[in-house]
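Q: This is the structure, below, for whatever I ask next.
The values are calculated or read from the model by the stated rules, or taken from the named source; none is laboratory data. What you see is a predicted model, and the numbers here were worked out from it, not measured in a lab. We place every Cβ from the backbone using ideal geometry, glycine too, and count neighbours over all the protein chains shown. For the accessible areas, the whole protein counts, side chains as well, though only heavy atoms, and no ligand, DNA or RNA atoms are used. Shrake-Rupley method; radii C 1.70, N 1.55, O 1.52, S 1.80 Å.
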Amino acid sequence: MEHQLASFDRRSFLKVSALAGGGMLIGIQWMAGHARAFDPAFLEGAAFNAYIKITPDGKITIQSPNPEIGQGVKTSMPMIVAEELDADWAHVVVEQAPLDTEAYTRQVAGGSGSIRASWKPLRTAGAAARMMLIAAAAEKWQVAPETCVTGASMVKHPATNRQATYGELASLAATKTPPADPPLKKPSEFRLLGKRIANVDNHAIVTGENLFGQDLKREGMAVAVVARPPAFGLKLVSVDDSKTKSMPGVQQVVRFGNKVAVLANTTWEAKKGRDALQLQWAPEGELESTDQHDSALRALLDKAAETPRRKDGNTEPAFAQASKTVEAVYECPFLPHNAMEPLNFFADVRPDGVLMVGPTQTPESARTQIAKLLQIDQKKIRVEMTRQGGGFGRRLNTDYAVEAAEISHLAKKPVKVVWLREDDMGGGIYRPACKYRFRAALDAQGNLTAYHLRGSGINVGNPTRENNFPAGALPNLLVEGHNLESKVTTGPWRAPVHNFLGFAEQSFLDEVALAAGKDPVAFRLGLLDQAKQQPVGRQEYQADRLMGVIRLAAEKANWGQAPSGVFQGFSAYFSFSTYVAQVVEVVVTNNKPKIQRVVCAVDCGILINRSGAENQVAGAIIDGLGHAMFSQLTIKDGAPEQTNFDRYRMIRMAEAPPVEVHFVESEEAPTGLGEPALPPLAAAFANAVYRATGKRLRNQPFVQPGEPGLLG
Amino acid sequence: MARLTLKVNGKRRIVDVSEDTPLLWVLREHLDLTGTKYACGIGQCGACTVHINGEPMRSCALPVSVVEGANIVTIEGLSREGDHPVQEAWKETDVPQCGFCQAGQIMTAASLLRKNPNPTDADIDTAMAGNICRCGTYNRIREAIHLAAKKSRS
Ligand code: FES
Ligand code: FES
């Protein structure tokens, strides 16, 4: 087949081909993140991140490259292409890439990075396609391309009043060379971006179509439910599966490593078989508990780290000279991810190749690990992704996919491994439990002269984000972190580290502002002004943009002018390249604070899909509130004490406050939205509660089970 | 094992299952109606909500033998074209994020509106209390229920 190839910014490529039945296909390949060599398979039509297909009937198919875990990229990524293409959204059909790791790069949904990484290549592809369609029209009409315009999936020649649809032009356009550097629209020219576009999968979702990993069924497939160690630090000693094997529907029992899989015809039969196993476990070393973790983490807060994460100036002399010091400790527990769809994966390991299908945020890494486990060539492994019932970071880890491959390999049959909620919640990889001690020094004028943060966390690596505001805004700063090793496994959880640090830091800054006798908003703006005028050390945030969201939130919430009986709390935080400021308004009824409204200002650069963006922000706020209020996972004798929603409380309808979201008008490249609105929320709430009640909330969850307390 | 006759979405379906199997798994794995979701298995989250004789019930907590003969409606049978006012309102309000909880939310909402065509926020809170959404779409769910109520009235 004839191909036209173009490369732009040396790392991205477009390939145009004619479709057999007429029309054009544009493949797009880009190397995001770490540079990868150009993949020659691209030329064979096998390796692209996404494509645009225009058929003579006028249908425009745009393929969305990234896994959909609920963050809306399946809608927003094609919108970016359609904008530059000048396509009428009504003509656009979105397809999910079959998500084959051979062919796609950066199929990772994590770190809110999907849109950031693909913004430029997606725009360029749309713009290049538009230029080719114009070239085709110009040739057909024998006019200069510059005299043509586009709109609503059509090329028009206003001077002669002619027009042709993209469908009519596509076959001819396929013969044109794609421009390497097509002009991109100015944000003021956007017609689609920033509008409210409904999720392209809404109809499938509301009619219950088969979309998720849990729904998958393949010929000859067994369902496996697995017995895993009931506590961290237990080793499997003996297995008696005689009862299980005689149970109806049970096909096979497979012991591997520290686990036993029961394969059956159905999930229920596999679960009953699993529950009937007689297993003996023995501890390897000491079994841990939350009490023990807590005292070890607190002890670390009293210990200086060998090497600080960041040190500007010298904090101790400033503390010695301070006219006031503020000090506080903040604490948070482990949290399981609890995506609504519990983990699952399908594996079919055969001598001639391996097929893996399921919900994963990182198919490439799953493939690498499975190749290693089975000692086979990666090329023999195909990983396909399903829609995912939430991720929140859990599906960045590939343990459950690798486990499925191992079971299929040992059982020699295709198998869908299903985790029950208890398995999912009890199975580890939690948000690390962390503690922070903050200290601040104020001079006689209430200026912040020194800031000291020491954090400790369980299997967290670095518990801090040392370049967070107020770093850069004051002369003396010290940030230290300790990692505490534990048998309890941890991993990224929606906005890793930020999810709790944001609360602790923004609550503490409120304490400092009050101690300084300053308004919390004015206090932050003052510091940011300093960060702008006299920046100290490395600065990852842009002071102007952080000030922008702070002002916008304050303005929209009428900061400082709440009617009597309404108490406001403020918080502002930068993470994943996005700026967020929030005001929470609390009223007190029957001695209990209740949120009346959350006002949120966001600067995420150019807004792609207003509806999706608002949904993400409101969702992150409600999620952040729920986890701060109610959720915790505690460990006793190595075992998680909460393994289902009866003992683990999630936020529910009546507890979800009204949320108002305002976006900063911006011409900056778009940044992530799946995470950044979560970290600041609990602080805005806690700061409002302090004003309403005088009680400072420093430990999460705010509501302890069985103790109605302040919040009930 | 028993042979049971179920009435699901207006059709008679015959299944051979052990009698203690929760209706949820019979729907999902014997009848391939996978719109009804598993998320907790203990009646705490509402992802598995179906209508039994018009009442919203947690299918994970119902042994299939107790619903023999009952009128069972799942998300697949809520409307012919996916155009039940609640489904329409859900699409228009752009409720879903990951979407996993939404079939259960919709089934609960549909039965609320049948009994109470004009629910207040407090009615909605009470009716929807058993349905968890980890993605936090509660506000849009509330909005969509009000919209569906309006659609059904007009
Ligand atoms: S799965 Fe039935 S209520 Fe959760
Ligand atoms: S939309 Fe994801 S759990 Fe509700």
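Q: Could I have the simple spin-label model distance between A:GLU555 and A:VAL149, label points 7 Å from Cα toward Cβ, reported in nm to one decimal?
A: Placing both labels 7 Å beyond Cα along the Cβ direction yields 3.2 nm.
Q: On to the next question. Would you please give the FRET efficiency between B:SER65 and A:VAL329, computed as 1/(1 + (r/R0)^6) with r the Cβ-Cβ distance and R0 = 60 Å, to the nearest 0.05?
A: On the way: r = 55 Å, r/R0 = 0.92.
In this case the efficiency is close to 0.65.
Q: Using only the Cα atoms of region A:565-712, build the gyration tensor, take square roots of its eigenvalues as a ≥ b ≥ c, and label the shape rounded, prolate or oblate: rounded if a/c is under 1.5, else prolate if a/b is larger than b/c, else oblate.
A: oblate
Q: In region A:202-230, what residues drop by 40 Å² or more of accessible area when the other protein chains are put back, versus the chain on its own? Use 1.4 Å, and skip ligands and nucleic acids.
A: A:ASN202, A:HIS203, A:ILE205, A:VAL206, A:THR207, A:GLY208, A:PHE212, A:GLN214, A:ASP215, A:LYS217
Q: At R0 = 60 Å, how high is the FRET efficiency between B:GLU55 and A:ALA282 if r is their beta carbon distance? Nearest 0.05 is fine. Walk me through the intermediate numbers first.
A: Details: r = 48 Å, r/R0 = 0.80.
According to the calculation, E is roughly 0.80.
Q: Here is a follow-up. Identify, among B:ALA89, B:CYS101, B:TYR138, the residue whose Cα sits farthest towards the positive end of the charge dipole of region B:85-153, taking +1 on the Cβ of Lys and Arg and -1 on the Cβ of Asp and Glu, with the dipole about the Cα centre.
A: So the residue we want is B:ALA89.
Q: Whole-Å semi-axes of region B:2-78's equivalent ellipsoid, largest first, each the root of 5 times a Cα gyration tensor eigenvalue?
A: Values: eigenvalues 55, 38, 24 Å².
Listed largest to smallest, the semi-axes of region B:2-78 are 17, 14, 11 Å.
Q: Which Cα, out of B:ASN116, A:LEU673, A:GLN29, lies furthest along the positive dipole direction of the protein assembly as shown (beta carbon charges, K/R +1, D/E -1)?
A: B:ASN116
Q: Assigning unit charges at the beta carbon (Lys, Arg +1; Asp, Glu -1) and nothing else, what dipole magnitude in debye, to the nearest 20, does region A:261-321 show about its Cα centre?
A: On the way: 8 positive and 11 negative charges, 61 e Å.
The dipole magnitude comes to about 300 debye.
Q: Hey, another quick one. Please name the residues of region A:321-347 whose accessible area, counted over protein heavy atoms with a 1.4 angstrom probe, falls by no less than 50 Å² between the chain alone and the full protein assembly.
A: Checking the loss per residue gives A:MET340.
Q: List the GluC sites (Glu not before Pro) within region A:143-227 that fall in a DSSP loop (any state other than H, G, I, E or B) and whose Cβ has at most 13 other Cβ atoms within 10 Å. Provide the component values of the computation, followed by the final result.
A: Details: sites: A:GLU146, A:GLU168, A:GLU189, A:GLU209, A:GLU219; in loops: A:GLU209, A:GLU219.
Passing sites in region A:143-227 are A:GLU219.
Q: What is the percent carbon and sulfur in the accessible area of region B:2-78, measuring with a 1.4 Å probe over the protein chains and ignoring ligands?
A: Carbon plus sulfur share of accessible area: 45 percent.
Q: Here's something else I'd like to know. Percent of accessible area on region A:120-231 owned by carbon and sulfur, 1.4 Å probe? Walk me through the numbers before you get to the answer.
A: Details: 2550 of 4800 Å².
C and S fraction of accessible area: 53 percent.
Q: Just want the answer: with Cβ charges of +1 for Lys and Arg and -1 for Asp and Glu, which residue in A:GLY208, A:ALA170, A:HIS337 is farthest toward the dipole's positive end in chain A?
A: Of A:GLY208, A:ALA170, A:HIS337, it is A:GLY208.
Q: What nm distance separates the two modelled labels at A:GLU668 and A:VAL588, each placed 7 Å from Cα along Cα→Cβ?
A: 3.8
Q: Ignoring ligands, DNA and RNA, what percent of the accessible area of region A:550-650 is carbon or sulfur (1.4 Å)? Each step should come with its number before you reach the end.
A: Numbers: 1440 of 3230 Å².
On region A:550-650, the fraction of accessible area on carbon and sulfur atoms equals 44 percent.
Q: What net charge is computed for the residues neighbouring A:THR307, neighbours being all others with C-beta under 15 Å from the C-beta of A:THR307, Lys and Arg scored +1, Asp and Glu -1?
A: On the way: positive: A:LYS303, A:ARG309, A:ARG310, A:LYS311, A:ARG454; negative: A:GLU306, A:ASP312, A:GLU466, A:GLU480.
Here the charged neighbours net out to +1.
Q: Please give the total accessible area that chains B and A bury against each other, computed with a 1.4 Å probe and expressed in Å² to the nearest 100. Write out the running numbers ahead of the final one.
A: Values: alone 8000 and 28370 Å², together 31790 Å².
Separately minus together, B and A give about 4600 Å² buried.
Q: What full-extension length gain, to one decimal in nm, is calculated for A:LYS695 and A:LEU373 as 0.36 nm per residue of separation minus the Cα-Cα distance? Numbers along the way, then the final one.
A: Numbers: separation 322, 0.36 × 322 = 115.92 nm, distance 5.29 nm.
Extra length available between A:LYS695 and A:LEU373 comes to 110.6 nm.
Q: Another question, if that's okay. For Cα pairs less than 8 Å apart in space and 6+ apart in sequence, what is the mean separation divided by the residue count of chain A, i.e. the relative contact order in percent?
A: Working: 1653 pairs, mean separation 93.8, N = 712.
For chain A, the relative contact order is 13 percent.
Q: Could I ask something else about it? Which value, in debye to the nearest 20, describes the size of the charge dipole of chain A about its Cα centre when Lys and Arg Cβ atoms bear +1, Asp and Glu Cβ atoms bear -1, and nothing else is charged?
A: On the way: 78 positive and 75 negative charges, 41 e Å.
Around 200 debye, computed over chain A.
Q: Treat each spin label as a single point 7 Å out from the Cα along the C-beta direction, and report the A:LYS412 to A:ASP443 distance in nm.
A: Label at A:LYS412, label at A:ASP443, 7.9 nm between them.
Q: Across chain B, what fraction of all alpha-carbon pairs, as a whole percent, falls in each successive 5 Å bin from zero upward?
A: Going from the shortest bin to the longest, the percentages are 2, 10, 20, 23, 19, 13, 8, 4, 1, 0.
Q: To continue, here is another question. For chain A, report the accessible area per residue in Å² (1.4 Å probe, heavy atoms, rounded to an integer). All intermediate terms of the calculation are to be shown ahead of the outcome.
A: On the way: 26130 Å² over 712 residues.
I get 37 Å² per residue for this part.
Q: Where nothing but the Cβ of Lys and Arg (+1) and of Asp and Glu (-1) is charged, how large is the charge dipole of region B:71-124 around its Cα centre, in debye to the nearest 20? Mind showing how you got there, number by number?
A: On the way: 4 positive and 8 negative charges, 44 e Å.
Around 220 debye, computed over region B:71-124.
Q: Below 14 angstrom from the Cβ of A:PRO492, what's the summed charge of the other residues (Lys, Arg +1; Asp, Glu -1)? Walk me through the intermediate numbers first.
A: Working: positive: A:ARG394, A:ARG395, A:ARG431, A:ARG465, A:ARG494; negative: A:ASP399, A:GLU675.
Counting the neighbours of A:PRO492, the net charge comes to +3.
Q: Let me ask another. Please figure out what share of the DSSP beta bridges in chain A is antiparallel and state it in percent, rounded to the nearest 5.
A: Details: 101 of 131 bridges.
So the antiparallel bridges in chain A amount to around 75 percent.
Q: Right, next: Compute the Cα gyration tensor for the protein assembly as shown, then decide on rounded, prolate or oblate, letting a ≥ b ≥ c be the square roots of its eigenvalues: rounded whenever a/c is under 1.5, prolate when a/b is larger than b/c in the other cases, and oblate in all that remain. Don't jump to the answer; show the numbers that get you there.
A: Values: a/c = 1.43, a/b = 1.05, b/c = 1.36.
Since a/c stays below 1.5, the shape of the protein assembly as shown is classed as rounded.
Q: Within region A:459-530, list the GluC sites (Glu not before Pro) lying in a DSSP loop whose Cβ has at most 10 other Cβ atoms in a 10 Å radius. Please list the in-between numbers first.
A: Numbers: sites: A:GLU466, A:GLU480, A:GLU485, A:GLU505, A:GLU511; in loops: A:GLU466, A:GLU485.
Sparse-neighbourhood loop GluC sites (Glu not before Pro): A:GLU485.
Q: Another question, then. Too long at a 19 Å Cα-Cα cut-off: which of A:LYS416/B:LYS7; A:LYS271/B:LYS37; A:LYS245/A:LYS412; A:LYS195/B:LYS91?
A: Working: A:LYS416/B:LYS7 28 Å; A:LYS271/B:LYS37 17 Å; A:LYS245/A:LYS412 17 Å; A:LYS195/B:LYS91 16 Å.
Distance filter (> 19 Å) returns A:LYS416/B:LYS7.
Q: Which FRET efficiency value, to the nearest 0.05, do you get for A:ALA515 and A:ARG298 by plugging their Cβ-Cβ distance into 1/(1 + (r/R0)^6) with R0 = 25 Å?
A: Details: r = 23 Å, r/R0 = 0.93.
Once the sixth-power term is evaluated, E becomes 0.60.
Q: By how many nm would the segment from A:PHE190 to A:ALA20 grow when fully extended, if each residue of separation counts as 0.36 nm and the alpha-carbon distance is taken off?
A: Details: separation 170, 0.36 × 170 = 61.20 nm, distance 3.29 nm.
Using 0.36 nm per residue and subtracting the Cα-Cα distance, I get 57.9 nm.
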